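The next block holds one structure in the form of structure tokens; read it before the comments.
Coordinate-derived values only; no laboratory data. This is a predicted model, so every value here is computed, not measured. Cβ placement follows ideal geometry from the backbone for every residue including glycine, while neighbour counts extend to all protein chains displayed.
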Amino acid sequence: MKTYALLGAAALITSTASAAFTSLTVETAFHAGTGRNVYSIFANFSLSNDRILNCFDTFNVSGTMNALHTDNAFGDIDTDGDGYADVFGATGAWSQTWNSTAGIPSDSYVMIGSPGPVALDPGFTGPYVSGSIANLSGWYDSTPSSQNVAGATLKIKVMQIARLAAGAVEYVGRLNVGYAAFGTTTPLFSGNVSYTLPGIPAPGALALLGMAGLATRRRRA
């Protein structure tokens with residue numbers, strides 16, 4: 001019985017050590033030049049040598065992503081085929097390869113580490129898709145190397161989404177992460193994992209919140 005208990009404990013330790021992916025987290029920054037909130041989505045791992053392979057099976061769970069592009073990779077576009085451009089300005093690619101090595105601070109794009117090339121699965125409905133990422137689409141790096149390793153921070157950036165800061169609604173998306181544990185070539189998968197872009201209350205709602213806070217302070221006084 002003791003032997004079985006020790007074997008069970010060893011199996012548990014091995015399983016825990018190989019459970020490399022832990023979560024998706026979101027970091028937010030404000031880009032003053034464009035008035036946008038820029039959300040960086042990271043895949044987190046438990047080991048510094050864990051490496052990411054791809055992201056896939058994206059899904060828009062609730063809310064609206066409202067992603068904006070800045071790179072203008074294709075310039076003005078004639079989307080209806082009438083010979084005249086009808087999409088202007090902030091229309092660009094989801095692929096970071098259209099951007100500078102570090103990426104454009106106010107742009108929306110998908111990636112796997114930085115710098116590094118990323119390829120889009122056919123699930124993307126077009127190179128200049130704006131607003132959101134099509135359901136069940138994905139991206140990958142066909143030559144994963146040092147930029148795909150978690151490193152000391154234990155995290156790898158997989159996506160950046162820029163939205164207007166004013167009046168943005170809460171958005172929930174999900175995706176599946178493919179990765180490989182250190183020293184192995186067998187791909188592992190996270191399963192569907194959710195991430196949230198927080199909403200920003202409209203000015204009227206902010207005013208009401210302020211009044212509610214003032215009323216609370218008066219009652220306490």
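Excluding PHE56 itself, what net charge comes from residues whose Cβ is under 15 Å from its Cβ, given Lys and Arg +1 and Asp and Glu -1?
Around PHE56, the charge tally is -2.
Given a Förster radius of 45 Å and the C-beta distance between THR184 and ASP82 as r, what FRET efficiency does 1/(1 + (r/R0)^6) yield to the nearest 0.05?
The pair THR184/ASP82 has a calculated efficiency of 0.25.
Which cross-chain or sequence-distant (5 or more) residues have an amide H under 5 Å from the amide H of SER114, H modelled 1.01 Å from N in plane?
Result for SER114 returns nothing.
Grab the other residues whose beta carbon is less than 15 angstrom from that of ILE200, score K and R as +1, D and E as -1, and report the net.
Local net charge: +1.
Within a 10 angstrom radius of the beta carbon, how do MET111, MET65 rank from fewest other beta carbons to most?
MET65, MET111
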